[in-house]
Amino acid sequence: MEALQNGRRRRVLAAIQEEGPLSVADATRSVAADSDCGEGRTASVRVMLHHAHLPKLEAMDYICWNREDETVSEGPAWDEIAPFVQQGDGIVSEPPADLLRE
C-alpha cells in the first residue's frame, strides 16, 4: 500500500483516525511534532503535505481534502486503510512488508 510507505502520510492518516476531520494546519503540526521538526521546518512540512502527500492520499480516496476550508477527513476508501493505520497504542511505524509489495 503506497499510502503507508511514507511516515508523513501515515501520521496524517493516524491524526484523522484519532481526531476525526481536522484542519490542514493541525495535520501539519501533527506531522511536524512526530518528525521532531523545529519551528522553521513546519513551513516545509506544510508544503510537502500540500504538494505531495495530501494529493496522493486524496487520489487514492483515503482522504477528502476540502481546499476551500483547508480541512481533511476520511475519504470513500477509508475502510480499506483504517485497520493498518493504528495498531494498539501507537501509529504503525513501518507497515507489514507484504502490504508494500501490492
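For the reader, a short list of remarks on this structure follows.
- Annotation for the range 1-88: GluC sites (Glu not before Pro) lying in DSSP loop with at most 10 further Cβ atoms inside 10 Å of their Cβ are Glu68.
- For Cys64, the residues whose modelled amide H falls within less than 5 Å of its own, excluding neighbours fewer than 5 places apart on the same chain, are Ser73, Glu74, Gly75.
- Length added when fully stretched, Ala52-Asp79, from 0.36 nm per residue minus Cα-Cα: 7.5 nm
Values in this text are rule-based calculations from the coordinates and carry no lab data. All values derive from a computational prediction rather than experimental measurement. Ideal geometry is used to build each Cβ from the backbone, glycine not excepted, and the neighbour counts take in all protein chains shown.
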